[in-house]
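**Q** I'd like to ask you about the structure that follows.
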Amino acid sequence: MSTAQETLVDIRGLEKRFDLSGGLLDQLRFRNGRIERHQEHVHAINGVDLSVTRGEALCVVGESGCGKSTVARTVMGLLSPSAGEIHYDGKRIDDLDHKAVLPYRRKMQMIFQNPYASLNPRMTIRQTLEEPIRFHQPELSASGVEDKVAEVMQSVGIDPDWGKRFAHEFSGGQRQRISIARALAVDPEFIVADEPISALDVSIQAQVLNLMMDAQESRGLTYLFITHDLAVVEHFGTRVAVMYLGRVCELADTATLFSSPRHPYTQALLSAIPRLEDDRPNHIRLHGEVPTPVELPSGCVFHGRCPYANDRCRQEIPQLIATDGGGQVACHAVEEGRL
Amino acid sequence: MSAVTASRWERFRDSYLWYSFRRDKVAIVSLVVFVAMVAAAFLAPVLAPTDPYDLAQIDIMNSELPPAGLAGSDPAFPLGTDAQGRDLMSTILYGTRVSLLIGFGAVVLQSLLGILFGLLAGYLGGRVDAILMRIADVQLSFSTLMVAIIVGAIFKASFGNLMFGEIAIYLLILIIGIAEWPQIARTVRASVLAEKKKEYVDAAKVMGFGTPRIMFRHILPNTLSPIFVIATVQIANAIISEAALSFLGLGMPETQPSLGSLIKSGFDYIQSGSWWITLIPGLVLVVLVLVINLLGDWLRDVLNPRLYKG
Amino acid sequence: MALLDVKDLDVRFAVRGGDLQALRKISFSLDKGERLGLVGESGAGKSVAAFSILNLIAKPGYIAGGQILFEGQDLAAMSDKQLRKIRGNRIAMIFQDPMMTLNPVLTIGTQMVEALKAHRRISTRDARAIALKKLQMVQIPSPDKRLDQYPHELSGGMRQRVIIAIALLLDPEIIIADEPTTALDVTIQAEIMALLLELCEQENVALMLITHDLGVVSQVTQRMLVMYSGRIIEQGPTREIINDPQHPYTQGLINALPQMGEPGARLYQIPGSMPSLSRVPSGCPFNPRCPFATDQCRTSMPNYVHSGNVDVACYEVAKLIEQEQSLQEEDR
Amino acid sequence: MLAFLVQRISQAILVMFVISVISFTIQDGLGDPLQELVGMSVSDEERDALREEMGLNDPMVTQYLRFAGNALQGDLGVSYFYGEPTMDVILRHLPATLELVIAASLMIIFLSVPIGVYAAIRPKAWLSKFFMGVSTVGISIPVFLTAIVLIQLFSIGVQVTVFPADTGWGQWLNEFFSTDGGMPSYGRGDDLAHLFGTWESNFFSQTGWAHILLPAVSLASIMLPLFIRLIRAEMMEVLQSDYIRFAQAKGIAPARINFLHALKNTMLPVITVGGVQIGIMVAYTILTETVFQWPGVGLMFLEAITRSDIPLIVAYLMVVGLIFVITNTLVDLIYGLVNPTVKLTGKKA
């Protein structure tokens, strides 16, 4: 990759475990005539390295439980990492205290999945939008705040006169616009979007995607876009990272990934998109189910469902290696030239 | 400013709450009865024919007179008199006032405790939650009544009968408030847990807002409907608890009777045929509690919050 | 005669301040072994249509008019007792969320055997044998173990397989599947859809597939109908509609798909959103969002016109067809 | 299973520890054992000597440990009033209370399930509305008032004379609304049969039945409406669920859907809530027993309070605490056995 591209967000060796085992007493198990202590963790993320370049839209795709939302929430500081670091514009931010992190709260914002839950139902739209502006720009006068609110509302296509209304008076698509307006209100440069359109109807999805692309163009935004919908990624993303069970298995430019996917999981995922063109689904059938992230398989996490798995895959964890197309893939079969 | 208030009024007029209230005859009747009883109770000094606290107005010769319409009744005492010769109507009016004061007071106290502890336990989780909820569990498994009886017994033993009688209203508010806060705390905690998962809370965190601001400005307003419903029902429960304590002799003294202590003092004379001394205050108590419960039911149906079960 | 013939079906919801029309005079038919897709956004009435066929609409919904002819018998006019003989036996259903569809406190075996016993005089042993066979058909690993398991012991994909097996238990003529893969992951979705398609073909079962996913409809069904605000606005052979949609809404829906747009460019977007049932505008319900809307569209609901094999309810399309016809006549 | 047991037992120990601390504080703060033992006639020196001898000058922790150690051996002190070990007093009174609770529980179980289910299946039927109305009124009547009304009606009797007695219908109405009374309104009746240990019972004789009827009805009256409302609410929620609709789509008969599919799911939360409520009923026995002079632990406790019999109060608290802990554990155990989705690991489902 060329060095002219500036890295804005850098995720290094990120891991996140959730403790399932509860208190000490819950951990006790009776096994083989002995009492043992048994701890259970959900391994949501297991060593993820990703860097987001300024101005791009990096998409993270994967099925439920692959850890993509956990990555988003960890980057935003809603969860603290079990291991690894998060850097923003060259500075480490995951270990900052509440006060020191405040400047970054303005620069990094988030858009959520569920438009019905992401707005406070007891606040008017104006209150929802005013609060962050007042909080982050206390120097602004009352009329300054009002102008700012009107400006962001207009920029997302909501009539500023509707500010007195409550969230439940709007449709899902409008609420998602308001949610975007709230994120834009503090003039961020980086936005994490966690499945922002998957709760919306098809015709509304296009509206919101267009709005996000317009905002990116006019404000020079950088996106980390989390989704399970590959069709959206193909349209929206600059680069794509495919995740499976808490690991990145392939990372490439969007065009490259869609034209020549390398990882067997990416191939299966791409073939599973129902296309308008074909009459018949001719997707690659994966056998078996996604293993639970509680007891991770040894070696490559995908080996249980992979048609190309051999003994090495069952034992050794594959690392990301560079491919000819400029992307990266974590697969022994690709490395060995078997695939 | 008037434009805002007008729109608030319009908002209320068009609201589902008002709409369903107008259509619900039971709710309307309950509210009318409740308001009438509250008004009568607090206007007791004006409305009551005699002042039951004033010993000079009581004549022991008038004791155990039956209510109007029965043989041996005296028109001066429409509801009859009790064993000390006090006018039953006056004592009931004053007694209702005492019961209502304790009911409201106890609910204010337990709401303050319950909302604070419920918010803390639900939002902070972890150890705070474990400790507060364990206390609540133990208290609830003992039942609020038992806790109130125990606390009442302790207070009575440590203050002595005379002292206890003088400040009984405040002590009863304290006792019932302490005994029943877990009901509200659990409800608040359950709805805080539900709200906490919603994305508007994440949005507030991402904005960098501090914990108190998120707890009180964002989450608390969204837990108000279940609090409102349970607080209404809790007024009824507090009035019953007070009556039960008074009935057991751990509540209001007979010189300053509540509905419960009226029932208790009348119970001693029921075998001698003077049923009215106990049953008429009993009826007033039941009507009062019933209309509050009916209003609570109506509120629950309209606001439809997920209440904590148990 | 079609296997299932729905004529002028009206479904309403009794709510405060009067009835809401959830379905307004919808008509369609389903032939033996045919696969029909119902497409629409949420609130369009496609699930209501699916559930009304077996009269299973949740209260306060009710069938207010029209006929549902199944082999000539009107299901809408049947008593609950008569309908029970059809439900699960001749017409089976598959629900959206496999995590909620199976009773959590009963074993898979119990839930399969009871369905067989409700419709056939059969011993438990024989019923279990049939259940086992069907579980094998849906390719569940170690099916014999599953009969004695509880639903929570299976993953979502496995549960949906069990539900498909239950749907197939009594060899029905029709399976109505309400968004059967929406709650599942992408790769599992594809597997379940392929399985359902394969089994319907193999057993010659007619499939009525309710979905919001145009891709799935285009891959699985032979005919489709597009619903908007409780009306069918376009119906016909799937391929023809997907390749050449006539109604402006269908066009918008297809063009708004990210896979139809140039990567990185703006997508085609339909302005506004579908009105809620209480605020459906007069005339054509799509008129406030339609680029071709005229005064006529705002006052009266268009009738169906035939464009090739496709029926469309749109004045604009009708006008275009007329123009074409008059051009052809001029040519002559 | 092991984790469940370990967790349950440790929780029980914790609860008992808290209760014992509270009890100990009450004993220490309220009662002066010396005052009770020796009265006023003893000199200060002798007092101090006794104090030392009895260990009252020891640190609190030592005193508590002694208290807890004795409690573990079933020694909770000697009642001031009865002058005998408190455990003996409690064990003598406990059977009467248990009989009352059992009788009331049976009434609740056999009435609440059919009524609650009926009200859920036919919410619009007039009978359902009647039951729900009655239960709303029911929860609004304090248990002691129910008891008093029952006594007035069935023990003392009511002579209604408001209708004109000189007309046939008036007389008939007067008689219709009048009751004879005559039911026993206090105590358990004489001639208790000896069952075992300290358990003396009248549970199996006609006089015993006559005596327990009114107290049990009034005790049940407080819980019955709660149970009816709970069962109805749970059942109505279950009836809304997808799996019920799926069962309908399979063509299953309504009876099987209601009584197998729905009822089984309804009873799960009812068991948890209901079990706890039956434990709570012990508290309400204080009121019922007071009204009916039922010689159980509730009445004994109230008398102990008026007599400031601190050791008996403390012993009662400890015993009732133990009863609550045991019922809660049993309820959890039953819940775990009935609900297939709960493995008894101690974790909440």
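We did not get these values from a lab; they are worked out from the coordinates using the rules stated. Just so you know, these numbers come straight off a predicted model, no measurement behind them. A quick note on method: Cβ atoms are made from the backbone with ideal geometry, for glycine too, and the neighbour counts reach across all protein chains shown.
**Q** Show which lysines lie in cross-link reach of residue A:91 when reach means a straight Cα distance below 26 angstrom and same-chain residues fewer than eight apart are skipped.
**A** Partners found: A:16, A:68, A:99, A:107, B:205.
**Q** Still on this model: Hey, what's the per residue convex hull volume over the C-alpha atoms of chain B, in cubic angstrom?
**A** 176
**Q** Here is a follow-up. Listing B:274, A:259 from the residue with the fewest other Cβ atoms within 10 Å to the one with the most, what is the order? Could you put the intermediate results ahead of the total?
**A** Numbers: B:274 20, A:259 11.
The order, fewest Cβ neighbours first, is A:259, B:274.
**Q** Using alpha carbons only, what's the Rg to Rh ratio of chain C with Rh from Kirkwood?
**A** Working: Rg = 21.5 Å, Rh = 21.4 Å.
That ratio equals 1.01.
**Q** Report the paramagnetic label zone for residue C:320: residues of segment C:243-267 whose backbone N is under 20 Å from a point 7 Å from Cα along the Cα-to-Cβ axis.
**A** Residues C:243-257, C:260-261 qualify, since their backbone N sits under 20 Å from the label point.
**Q** Here is a further query. How fast does segment C:33-75 diffuse by Stokes-Einstein, in µm²/s, taking the Kirkwood radius from C-alpha pairs at 25 °C and 0.890 mPa s? Mind showing how you got there, number by number?
**A** On the way: Rh = 11.8 Å.
The calculation lands on 208 µm²/s.
**Q** To the nearest 10 degrees, how steeply does helix D:206-239 sit against the main Cα axis of chain D, on a 0 to 90 scale?
**A** Value to nearest ten degrees: 60.
**Q** Cα atoms only, segment B:43-137: Rg and Dmax in Å?
**A** Rg and Dmax of segment B:43-137, Cα atoms, are 22.8, 68 Å.
**Q** For segment B:81-307, what is the relative contact order in percent, using Cα pairs closer than 8 Å and at least 6 residues apart in sequence?
**A** Relative contact order of segment B:81-307: 29 percent.
**Q** Further question: Within straight cross-link reach of residue C:46, meaning Cα distance under 30 Å, which lysines are found once same-chain residues fewer than 8 apart are removed?
**A** Partners within reach: B:198, C:7, C:25, C:32, C:59, C:81, C:85, C:134, C:319, D:124, D:250.
**Q** Something else now. Residues of segment B:177-206 with amide nitrogen under 13 Å from the 7 Å Cα-to-Cβ point of residue A:98?
**A** Answer for segment B:177-206: B:205-206.
**Q** When the helix-only estimate is applied to the protein assembly as shown (DSSP H runs of n ≥ 4, each -39,500 (n - 2.57), divided by the residue count), what is the mean residue ellipticity at 222 nm, nearest 500 deg cm²/dmol?
**A** The helix-only estimate for the protein assembly as shown comes to -16500 deg cm²/dmol at 222 nm.
**Q** Further question: Can you tell me the 0 to 90 degree angle between the C-alpha axis of helix D:310-338 and the longest principal axis of chain D, rounded to 10?
**A** Between the helix axis and the principal axis of chain D, the angle is about 40 degrees.
**Q** Continuing with the same structure: How high is the FRET efficiency between residue A:124 and residue C:59 when r is their beta carbon distance and R₀ equals 45 Å, given to the nearest 0.05? Before the final figure, lay out each step's value.
**A** Details: r = 34 Å, r/R0 = 0.76.
Taking R0 as 45 Å, the efficiency between residue A:124 and residue C:59 is 0.85.
**Q** Now a separate question. Please find the FRET efficiency linking residue D:159 to residue B:26, where r is the Cβ-Cβ separation and R0 is fixed at 45 Å, and quote it to the nearest 0.05. Provide the component values of the computation, followed by the final result.
**A** Values: r = 34 Å, r/R0 = 0.75.
That gives a FRET efficiency of 0.85.
**Q** Only counting other Cβ atoms within 10 Å, I'd like D:160, D:238, B:107 sorted with the fewest neighbours first.
**A** By the 10 Å Cβ count, ascending: D:160, D:238, B:107.
**Q** May I ask you to list the residues of segment C:57-100 whose amide nitrogen lies under 12 Å from a point 7 Å from Cα along the Cα→beta-carbon direction of residue D:240?
**A** Counting backbone N atoms under 12 Å from the label point, the list is C:59-60.
**Q** While we're here: I need B:276, D:209, D:169 ordered by Cβ neighbour count within 10 Å, fewest first. Before the final figure, lay out the partial values.
**A** Values: B:276 24, D:209 14, D:169 10.
Listing B:276, D:209, D:169 from fewest to most nearby Cβ atoms yields D:169, D:209, B:276.
**Q** Can you list residues from other chains, or at least 5 along the same chain, whose modelled amide H is less than 5 Å from the amide H of residue C:225?
**A** When sequence neighbours closer than 5 places are left aside, the close amide H contacts are C:37, C:38, C:39.
**Q** Considering only DSSP beta bridges where both residues belong to chain A, give the percentage that are antiparallel (nearest 5). Mind dumping the intermediate values first?
**A** Values: 32 of 50 bridges.
Taking every DSSP beta bridge with both residues in chain A, the antiparallel ones total about 65 percent.
**Q** So which helices of chain B fit the span-like rule, where a helix is a whole DSSP H run, its Cα atoms reach 30 Å or more along the axis, and its mean Kyte-Doolittle is at least 1.0?
**A** B:88-124, B:168-196, B:224-247, B:276-303
**Q** Could you work out which residue, out of C:291, C:281, C:245, moves most in a Gaussian network model of chain C, that is, has the largest mean-square fluctuation with Cα springs under 10 Å?
**A** C:291
**Q** Karplus couplings for segment A:268-275 from phi (6.51 cos²θ - 1.76 cosθ + 1.60, θ = phi - 60°), rounded to Hz, Gly and Pro as x?
**A** 5, 4, 5, 6, 7, 5, x, 9
**Q** So, one more: What translational D, rounded to a whole number of µm²/s, comes out for the protein assembly as shown from Stokes-Einstein when the hydrodynamic radius is the Kirkwood one over Cα pairs, at 25 °C and 0.890 mPa s?
**A** 68
**Q** Running a GNM on chain D with Cα contacts under 10 Å, which residue among D:264, D:129, D:250 ends up with the highest mean-square fluctuation?
**A** So, out of D:264, D:129, D:250, the one fluctuating most is D:250.
**Q** Follow-up question, since we're still on this one. Kindly state, as a whole number, the per residue volume in cubic angstrom of the convex hull around the alpha carbon atoms of segment D:216-294.
**A** 80
**Q** Can you give the convex hull volume per residue for the Cα atoms of segment A:241-339, as a whole number of Å³?
**A** Residue-normalised Cα hull volume stands at 104 Å³.
**Q** Highest GNM mean-square fluctuation, chain D, Cα pairs closer than 10 Å: which of D:84, D:289, D:52?
**A** Of the options given, D:52 has the highest mean-square fluctuation.
**Q** Between residue B:42 and residue D:209, what is the spin-label point distance in nm, taking each point 7 Å from the Cα along the Cα→C-beta axis?
**A** 5.4
**Q** Along Cα→Cβ, 7 Å out, is where each label goes; now give me the distance between the ones at residue D:334 and residue A:295 in nm to one decimal.
**A** 3.5
**Q** Another question, if that's okay. With no solvent and one point per C-alpha, what does the Debye sum give as log10 I(q)/I(0) for segment C:188-332 at q = 0.10 Å⁻¹?
**A** -0.43
**Q** Which percent of the Cα-Cα distances in segment D:54-184 go past 26 Å?
**A** That tail contains 60 percent of the Cα-Cα pairs.
**Q** Then there's this: At a Förster distance of 35 Å, what's the computed FRET efficiency of residue C:125 paired with residue D:111, Cβ-Cβ distance as r, to 0.05?
**A** 0.30
**Q** While we're on this one: Can you bin chain D into rounded, prolate or oblate? Criterion: square roots of the alpha carbon gyration tensor eigenvalues sorted a ≥ b ≥ c, rounded for a/c under 1.5, prolate for a/b above b/c, oblate for the rest.
**A** Numbers: a/c = 2.89, a/b = 1.34, b/c = 2.15.
Oblate is the answer for chain D, as a/c is 1.5 or above yet b/c matches or exceeds a/b.
**Q** Report the label-to-label distance for residue D:256 and residue A:54 in nanometres (one decimal), using points 7 Å from each Cα along the Cα→Cβ vector.
**A** 6.9
**Q** Could I ask something else about it? Past the 28 angstrom mark, what percentage of all C-alpha to C-alpha distances in segment A:78-218 do you count? Please list the in-between numbers first.
**A** Numbers: 2039 of 9870 pairs.
When all Cα pairs of segment A:78-218 are counted, 21 percent exceed 28 Å.
**Q** Let me ask something additional. Excluding residues on the same chain fewer than 8 positions from residue A:164, give the aspartates and glutamates whose Cα lies under 18 Å from its Cα.
**A** Correct list for residue A:164: A:130, A:131, A:146, A:147, A:151, B:10, B:14.
**Q** How big is Rg to Rh over chain A, alpha-carbon atoms, Rh as the Kirkwood inverse-mean-distance radius?
**A** Rg/Rh: 1.01.
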